[in-house]
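First up is the structure itself, then whatever we jot down about it.
Just so you know, all these numbers are worked out from the coordinates, no wet-lab data involved. Computed from a predicted structure; not experimentally measured. Please note: Cβ atoms are built from the backbone with ideal geometry, for glycine as well, and neighbour counts cover all protein chains shown.
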Amino acid sequence: MKYLPFILFTVMTNAAAQLMLKQGMMSLGSISFEGTNPLLKLLQIVFSPWVFAGLLTFVISMASHLYVLSKVELSFAYPFLSLAYVAVAVFAYYVFHEDLNAWRIAGIAFICVGTVLIAQSGRGHDEPVVAASAETTKTSELIR
């Protein structure tokens with residue numbers, strides 16, 4: 001659990017990026033490429049404040065995720081990213097007044113249960129991935 005704060009930071013920055021992108025696209029209104037140079041329109045979208053902030057936050061999230069992947073197993077770290085969906089759904093309900101019906105709540109509950117089970121698996125907690133693979137190599141050499 002040593003790297004759990006970094007994993008949760010990755011999850012929250014991922015969710016924050018989604019919310020910023022949504023806000024940015026809402027502030028831009030309906031997008032139409034008619035009568036406009038598509039490249040200029042794309043640049044207008046990317047450099048609008050909320051979209052740009054969302055993209056920058058994604059870069060921070062990915063940098064954090066790369067750090068996490070250097071420390072724990074992918075099969076342990078990656079499922080935690082599903083918690084970003086939980087955060088996005090809850091915040092979208094309150095901020096954007098999006099629907100949060102019984103089916104979505106049930107899905108969120110399953111995601112949370114699955115993530116707790118993975119967290120309890122005890123895999124990838126404190127040993128770097130490199131050390132684990134080196135240890136496996138040594139063991140396979142002994143068997144030969």
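How would you rank L28, L19, going from fewest to most other Cβ atoms within 10 Å of each one's own Cβ?
L28, L19
Provide V116, V90 in ascending order of the number of other Cβ atoms located within 10 Å of each residue's Cβ, fewest first.
In increasing order of surrounding Cβ atoms, one gets V116, V90.
Normalising by the residue count of the stretch 15-69, find the relative contact order in percent from Cα pairs under 8 Å and 6+ residues apart.
Reported relative contact order: 53 percent.
Can you give the FRET efficiency to the nearest 0.05 for F6 and L39, using r as the Cβ-Cβ distance and R₀ = 30 Å? Intermediate results must be reported in sequence, preceding the final value.
Details: r = 37 Å, r/R0 = 1.23.
With R0 = 30 Å, the Cβ-Cβ based efficiency is 0.20.
Please give the peptides 57-63, 75-81 ranked by average Cβ packing (other Cβ atoms within 10 Å per residue), highest first, as a rough proxy for protection.
Values: 57-63: 15.9, 75-81: 17.6.
Packing proxy ranking, top to bottom: 75-81, 57-63.
If neighbour count is taken as other Cβ atoms inside 10 Å, put V88, V113, V72 in order from fewest to most.
Least crowded to most crowded, the residues run V113, V88, V72.
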